[in-house]
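Chemist: Pasting a structure below so you can have a look.
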Amino acid sequence: MNLAELQHIYQQPLFALVQQARNVYLEHWKTDQVQLCTLLSIKTGGCSEDCGYCSQSARNGGKMPAGKLLDKCEVLEKAQEAAANGSTRFCMGAAWKGVRDGDARFEQVLDTIRDVAKLGMEVCVTLGNLTLTEARKLKEAGVTAYNHNIDTSPEFYPQIVTTHSFEDRLSTISAVQEVGMSVCCGGIIGMGESEDDRLKMLEVLSNFNPPPESVPINCLMPMPGTPLENQPPVDVFELLRLIATTRIAFPKAKVRLSAGRSILSREAQAFAFFAGANSIFYGDRLLTSGNPGVDQDRELLRELNLTAQTPHQSMSVS
Ligand code: SAM
Ligand code: DTB
Ligand code: SF4
């Protein structure tokens with residue numbers, strides 16, 4: 001879809017937009033199921049990059065000490081706990097610019113992935129830049145999806161990050177696609193970008209071939225010490241419009257209501273599910289910030305009569 005088409009969808013009266021999104025959802029997904037993804041930061045802080053939103057950048061005040069890469073046993077323990085809690089996807093994140101084949105830390109991550117993959121959940125990793133060689137090894141180790149967000153429009157990106165380019169992000173995504181791994185790619189809203197920047201981000205995503213398997217929509221968590229620490233919260237109706245537009249643009253994708261749920265009311269989350277979101281981060285923590293507790297989320301899903309997706313479930317209707 002191009003920007004004009006996305007604007008046309010996005011600018012409809014809110015109820016017409018949400019109704020269209022709900023219809024698209026029902027055409028492609030038979031039941032009201034939500035994918036439950038648990039995140040684990042396997043290497044926290046000390047990152048060389050200057051992403052303005054990120055608490056883990058060594059350049060953003062440097063308050064967060066660089067942690068060590070978690071060993072396999074620690075990760076497996078968390079992954080088993082996630083599986084026992086009903087998670088269908090386990091996503092491991094590292095505060096790295098990227099990974100290189102031959103590096104001992106990359107070998108350690110591959111070894112960990114091989115064991116996590118045996119637990120039956122979908123396995124997602126987000127490790128920064130890759131080339132074809134690393135992408136192939138990750139797939140062989142059992143990774144099902146690689147998360148690499150473009151975060152915003154190509155035009156706004158340089159105002160948020162200067163240590164790598166938007167094109168660098170796209171080149172990693174091409175490598176992931178070339179080896180046949182699913183792409184999980186979305187962005188953040190609330191960084192000072194315009195509504196058109198958000199739609200331009202969707203325009204770029206909609207030109208991916210194949211389109212992303214999942215699209216995380218994160219609301220900025222304003223992290224102390226970062227240049228964006230004082231950003232005001234995202235307007236809830238702007239979030240709902242973007243979720244609905246994403247559902248319409250990507251009928252078959254998991255649209256993930258990602259960072260920021262801890263400041264959304266139960267009603268706003270219910271509205272977001274109605275508008276087409278069908279995936280959440282599930283677990284008490286995101287990477288360095290908080291998330292609603294597992295018990296709270298279980299209760300919310302029960303009240304909304306939403307059930308958990310099984311792993312590797314794509315659309316229920318062909
Ligand atoms: N270093 C890797 C990378 O940049 O791809 C992986 C980890 S990075 C923390 C993954 C994603 O988390 C970012 O692309 C961004 O979309 C999201 N993120 C990071 N900090 C955030 C924040 N404060 N609020 C919302 N989303 C955030
Ligand atoms: C994504 O799109 N959101 C997640 C995951 N992919 C890696 C990360 C959210 C991070 C929120 C801020 C934090 O916890 O540091
Ligand atoms: Fe590093 Fe990723 Fe955070 Fe950017 S978003 S500073 S690359 S951990």
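Chemist: Antiparallel DSSP bridges in the chain: what percent, to the nearest 5?
Modeler: Just about 5 percent of them are antiparallel.
Chemist: Still on this model: Quick check on the exposure proxy: order S165, S265, S214 from fewest to most C-beta atoms within 10 angstrom.
Modeler: Least to most surrounded, the residues fall as S265, S165, S214.
Chemist: Assuming a ≥ b ≥ c are the square roots of the Cα gyration tensor eigenvalues, decide whether the stretch 108-240 counts as rounded (a/c under 1.5), prolate (otherwise, with a/b larger than b/c) or oblate.
Modeler: Prolate, because a/c is 1.5 or more and a/b exceeds b/c.
Chemist: Classify the stretch 182-318: rounded, prolate or oblate, from the alpha-carbon gyration tensor (a ≥ b ≥ c, eigenvalue square roots; a/c under 1.5 rounded; otherwise prolate if a/b is larger than b/c)?
Modeler: Oblate is the answer for the stretch 182-318, as a/c is 1.5 or above yet b/c matches or exceeds a/b.
Chemist: When the chain is treated as a GNM, springs tying every alpha-carbon pair under 10 Å, which of V125, V234, V255 comes out with the largest mean-square fluctuation?
Modeler: V234
Chemist: Follow-up. Given a 10 angstrom Cα cut-off, can you work out which residue in T112, T162, T44 is the most mobile in a GNM of the chain?
Modeler: Highest fluctuation of the listed residues: T162.
Chemist: Under the rule of at least 5 residues apart or a separate chain, name every residue whose amide H is placed under 5 Å from the amide H of K254.
Modeler: Distant-sequence amide H within range of K254: S214, V215.
Chemist: Here is a further query. Mind sorting T310, T172, T38 by how few other Cβ atoms lie within 10 Å of their own Cβ, fewest first?
Modeler: Going from sparsest to densest Cβ surroundings: T310, T172, T38.
Chemist: By count of other Cβ within 10 Å, fewest leading, how are S182, S258 ordered?
Modeler: Starting with the residue having the fewest Cβ neighbours, the order is S182, S258.
Chemist: Output the Cα-based Rg and Dmax of the stretch 3-305 in Å, rounding Rg to one decimal and Dmax to a whole number.
Modeler: Over the stretch 3-305's Cα set, Rg and Dmax evaluate to 18.1, 54 Å.
Chemist: If amide H atoms are built 1.01 Å from N in the plane of the peptide, which residues on other chains or at least 5 residues away come under 5 Å of the amide H of N129?
Modeler: Those lying under 5 Å, H to H, from N129 are G98, V99.
Chemist: Follow-up. Taking only Cα atoms and a 10 Å spring cutoff, compute GNM fluctuations for the chain and point out the largest among V18, V183, V161.
Modeler: V161
Chemist: Here's another thing I want to ask about it. List the lysines whose Cα sits under 21 Å from the Cα of K252, skipping any in the same chain fewer than 8 residues away.
Modeler: List returned: K30, K200.
A short reminder: the numbers here are calculations on the coordinates, not readings from a lab. Being a predicted model, the structure only gives us computed values, none of them experimental. Because the Cβ atoms are built from the backbone with ideal geometry, glycine has one as well, and the counts that use them run over all protein chains shown.
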